[in-house]
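Coordinate-derived values only; no laboratory data. A quick note: this is a predicted structure, and the numbers were derived from the prediction, not measured. Please note: Cβ atoms are built from the backbone with ideal geometry, for glycine as well, and neighbour counts cover all protein chains shown.
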């Protein structure tokens, strides 16, 4: 949960502690505690063994609370255990749950980690990146996530989807630093939430779409209205409107053919030239519920295996 939204037990521990310590005042939780009136001392960012030794020594005189860092303090738990084990009269060590994660709670950790990487004293490589320099990584990670999904490797899917999420968080953190027109991850998430609610009136309002086909048709009308066509007439727009020029030609064809079908157009027929024959194959795949792009990649993998 957000820094400062702590359990009752956590507040009790903080209020009775002899000393409350954290890495520095840049840590979100430490900052929230300070704003709430809790005096928080700072030990900086020493190696885990040194930090563990300092905490255990302080604990020999009074109860000490270490406020966990946004990155989870890698290695600190093991270092504290080692330090306590080698002492003849070790202090008691207890882990107190400060707050329980709600769904999406780890995204807050991602924001905190990105903030540290981009802030002074963070990572020099991360600090010099721009929206433009990160585009290639966004494209690459999206393709790697697609491969993991098609391979059916669920553990790999988690990793690759995490890399895609990193790119969204990274771009949002860069956007936060713009002087004239900043935006952050909350703005990005807020925009897509508003769009999802707006384009699903059959769920959030009085829309009556009840089949996937009706949902797609209503989606086209709503998008057309958003572009300034009050009547929702999308038929006069180009079939390629809004499709990125860099998108795979097969995927672009699938999207354009789906629009064409929703507008009542006739399915393209294979002609004498190669282009119309390919377009007809894409339409055949689409009508059978398959993606020509995915099918071709599958065939390439099989060819590679053979």
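To the nearest 0.05, how large is the calculated FRET efficiency for residue 246 and residue 130 if R₀ is 25 Å and r is the Cβ-Cβ distance? Provide the component values of the computation, followed by the final result.
Numbers: r = 19 Å, r/R0 = 0.75.
FRET efficiency, residue 246 to residue 130: 0.85.
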Taking 7 Å along the Cα-to-C-beta vector as the label spot, tell me the residue 89-residue 181 distance in nanometres, rounded to one decimal. 6.6
Volume in Å³ per residue [convex hull over Cα atoms, computed for the chain]: 220
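How far, in nm, would the chain grow between residue 269 and residue 195 when pulled straight, counting 0.36 nm per residue and subtracting the alpha carbon separation? Spell out each step's value before the answer.
On the way: separation 74, 0.36 × 74 = 26.64 nm, distance 3.59 nm.
That pair, residue 269 and residue 195, stretches by 23.0 nm at full extension.
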Label-point gap, in nm, between residue 202 and residue 261 - each point 7 angstrom along Cα→Cβ: 1.6
Quick check on the chain: helices-only [θ] at 222 nm, where DSSP H runs of length 4 and up contribute -39,500 (n - 2.57) each and the sum goes over total residues. Nearest 500, please. -18000 deg cm²/dmol
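Just check the range 8-85 against the gyration tensor rule for me: Cα atoms, a ≥ b ≥ c as the square roots of the eigenvalues, rounded for a/c under 1.5, and otherwise prolate or oblate depending on whether a/b exceeds b/c. Show your work: numbers first, answer last.
Values: a/c = 1.91, a/b = 1.33, b/c = 1.43.
Since a/c reaches 1.5 but b/c is at least a/b, the shape of the range 8-85 is classed as oblate.
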Simple spin-label estimate for residue 11/residue 238, 7 Å along Cα→Cβ, in nm, reads 5.9
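If packing is taken as the mean number of other Cβ atoms within 10 Å per residue, what is the order of 6-18, 95-107, highest first? Intermediate results must be reported in sequence, preceding the final value.
Details: 6-18: 13.8, 95-107: 11.8.
Descending mean neighbour count gives 6-18, 95-107.
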Once each part is reduced to its C-alpha centroid, what is the distance from the range 112-190 to the range 276-306 in angstrom? 31
Can you give the relative contact order of the chain as a percent, counting alpha carbon pairs under 8 Å and 6+ residues apart? 10
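Tell me, in nm to one decimal, what length is gained between residue 227 and residue 119 on full extension, where the rule is 0.36 nm per residue of separation less the Cα-Cα distance? List each step's numbers first, then the result.
On the way: separation 108, 0.36 × 108 = 38.88 nm, distance 3.83 nm.
Gain on stretching residue 227 to residue 119: 35.1 nm.
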